[in-house]
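What follows is a set of notes on a single structure, which appears directly below.
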Amino acid sequence: MLEMLHRYGPDLLTGFGLTLLTWVLGTVGGLVLGFFLEMARRFGPRFWIGWPIRAYVEFIRGTPFLVQLFVLYYGGPLIGLRLDALPAGVLGLSLYGAAYFTEILRAGFDAVPKGQIEAARAIGLPGRTIVWRIMLPVMMVSALPALVNFAIILTKETVILSMITVPEIMFQTQTMMSETFAFVLPILILALFFWGFVEVISRFGRRLERRFTHYLLEES
Amino acid sequence: MSLEPTATSPASAHLRAVNKFYGDFQALKDITLDIPPGKVTCLIGPSGSGKSTLLRCINFLEEYDSGEVRIDDRLIGYETPGGKRMSGRRLREMRCDIGMVFQQFNLWPHMTALQNVAEGLERVRGLKRAEATARAREALAKVGLADKEANHPSRLSGGQQQRVAIARAIAMQPRIMLFDEPTSALDPELVGEVLAVMKQLAAEGMTMVVVTHEMGFAAHVADRVVFMERGELVAAGAPREIFQHPTDQRLASFLQGYRERNSLDF
Ligand SMILES: Nc1ncnc2c1ncn2[C@@H]1O[C@H](COP(=O)(O)OP(=O)(O)O)[C@@H](O)[C@H]1O
Ligand SMILES: [Mg+2]
């Protein structure tokens, strides 16, 4: 067993690293894109922007991530989009995440009491300031748990990138399994890794939640 | 952006033949009304008569469909009467001269009382943090809440929240203040503290437009009372004329209904 760890250790570490990297980039990319989609939908022309975004969200939510990834990676070159596996994987994750994140943000923004926005407009605050200083912090109370939850779901979607040969942790453990015919150890390593990974994110998420809700919990 | 006001003389407001529709429903019918500077004008009338809509046209939170609304002589909302919308920047510039206080207070829950008041000073008036904080403290002191500056709205009573909301508006040094039923969401014992602050503002010569069901306040503090019904301006005059000698039949029955519900009042 030690010999196996010695042999595959470096590859596994690369795998861990790549899984973390794709998750971070995919989540950040998805959040940023999701935020822009929501802003476009909220403040842009309803027909020319609202409708295509809705179709996009429905497509992403209506098909498996694996299929979307194949479309991007193998179908992309047909329209001149030739990407390596890693960038294709990160882009795929971002596009996938954006559809869910934008829906969470929409519900969050909708839940901001209209009067609080009117008070900001009445005082003369510009729209951008209202979004950043009032709407985002207010909606985080309700939206943050859902955002963190989906970020956790995304950790597990990263394994699908192994299907387009991104050498992340799933890819490495599969290689290990097929070369050694050992199953218990690789699966155990994989499980432990994800368990720790998700645990760290949830802790961080709870910290963030406390930050945004502290004023509701204040002692008098 | 720095919109530091040079002088804070009270402003007047002028509505000319203002109409407002919600779809087919006409909420304001040909309203013509002058709000004199430095005076208190109370808007009364049954619920749904268009009082809030009228008030909100004055700072263009509600877009009127035709007519003119002017602050002093500056048209608000449109570049020319019936013309195209004015730029967001010019509208914001006009709005920071117009304070507004809402029935539901509408404080920002994630900010302390002090931050609520300082926000506009920093981000609209363009004051430095220290100066904004100092001026926000002055405004809170003025409404009697100097000791509550660190509280979030959830840790303030309704009356205190409304006073913070008033402080948030007056800190901007507006030239006219709009109040939309500022005491209607308050427990009866908290109404007095808010009205007291409003009386003080009136005494200082602020132009005030107050939508209210507090007939006592309208009778004793207002310089002018305006009665609305079904989107129409039905009667306007000095409080004495309106309350003691109502000539209009609809006004008389509105007042009678009010007196029957509050059998002890005025
Ligand atoms: N956003 C809106 N959409 C449709 N109708 C509205 C809207 N706002 C107000 N109204 C209608 O306009 C009328 C006047 O409303 P409002 O000005 O709020 O009355 P008041 O403040 O006197 O109670 C009411 O009949 C109300 O139902
Ligand atoms: Mg109203």
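With the simple spin-label model, which puts each label point 7 Å out from Cα in the Cβ direction, the A:Glu199 to A:Val32 separation comes to 3.2 nm.
Comparing B:Phe102, B:Phe25, B:Phe243 in a Gaussian network model of chain B where C-alpha atoms under 10 Å apart are linked, the largest mean-square fluctuation is found at B:Phe25. Between their Cα atoms, which of A:Lys114/B:Lys29; A:Lys114/B:Lys84; A:Lys114/B:Lys199; B:Lys29/B:Lys51; B:Lys29/B:Lys199; B:Lys20/B:Lys51 are more than 21 Å away from each other? Exceeds cut-off: A:Lys114/B:Lys29; A:Lys114/B:Lys84; A:Lys114/B:Lys199; B:Lys29/B:Lys199. Counting every Cα pair in the stretch A:148-220, what percent are over 17 Å apart? Result for the distance tail: 57 percent. Most mobile of B:Gly126, B:Gly231, B:Gly50 per a Gaussian network model of chain B (Cα springs, under 10 Å)? Judging by the Gaussian network model, the answer is B:Gly126. From its DSSP helices (H runs of at least four residues, each -39,500 (n - 2.57)), chain B gives a residue-normalised ellipticity at 222 nm of -11000 deg cm²/dmol. Checking every one of the GluC sites (Glu not before Pro) in the stretch A:136-199 against DSSP loop status and a limit of 15 other Cβ atoms within 10 Å picks out no site at all.
Estimated from the Cβ-Cβ distance and a Förster radius of 56 angstrom, the FRET efficiency linking B:Asp187 and B:Thr80 is about 0.75. Relative to the current alpha-carbon distance between B:His220 and B:Asp34, full extension at 0.36 nm per residue lengthens the span by 64.9 nm.
Cβ crowding within 10 Å, taken as a proxy for footprinting-reagent exposure, orders B:Cys42, B:Cys96 from fewest neighbours to most as B:Cys96, B:Cys42. State the percent of C-alpha pairs, over all pairs in the protein assembly as shown, separated by a distance greater than 45 angstrom. Across the protein assembly as shown, Cα pairs with separations above 45 Å total 32 percent.
Among A:Ala85, A:Ala55, A:Ala122, the largest mean-square fluctuation in a Gaussian network model of chain A (Cα springs under 10 Å) belongs to A:Ala122.
For chain A, the pair-distance distribution built from all alpha carbon pairs, in bins 10 Å wide starting at 0, is 8, 27, 30, 21, 11, 4, 1 percent. Among beta bridges identified by DSSP and lying wholly in the protein assembly as shown, the antiparallel ones come to about 55 percent. Checking every one of the trypsin sites (Lys or Arg not before Pro) in the stretch A:76-164 against DSSP loop status and a limit of 16 other Cβ atoms within 10 Å picks out A:Arg82. Length gained on full extension, A:Met1 to A:Thr213: 71.6 nm, using 0.36 nm per residue less the C-alpha separation. First select every other residue whose beta carbon is under 10 angstrom from the beta carbon of B:Glu79; then total the charges, Lys and Arg +1, Asp and Glu -1. Combined, the nearby Lys, Arg, Asp and Glu give +3.
Under the criterion of Cα pairs below 8 Å and six or more residues apart, the relative contact order for chain A equals 29 percent. Among the GluC sites (Glu not before Pro) in the stretch B:29-117, those located in a DSSP loop and surrounded by at most 16 other Cβ atoms within 10 Å of their own Cβ are B:Glu63, B:Glu79. With n ≥ 4 as the cut-off for DSSP H runs, can you work out [θ] at 222 nm for chain A, using -39500 (n - 2.57) per run divided by the number of residues, rounded to the nearest 500? Estimated from H runs of four or more residues: -26000 deg cm²/dmol. Between the C-alpha center of the stretch B:136-152 and that of the stretch B:182-229 there is a gap of 21 Å. Going by neighbour counts of Cβ atoms within 10 Å, the residues B:Met228, B:Met86, A:Met1 line up, fewest first, as A:Met1, B:Met86, B:Met228.
Among B:His110, B:His14, A:His6, sorting on how many other beta-carbon atoms sit within 10 Å of each Cβ, with the fewest leading, yields A:His6, B:His14, B:His110.
Bear in mind that the values in this text are calculations on the coordinates, not laboratory data. From a predicted model like this one, the values you see are computed outputs, not experimental measurements. Methodologically, a virtual Cβ is constructed for each residue, glycine included, from the backbone with ideal geometry; neighbour enumeration extends over all protein chains shown.
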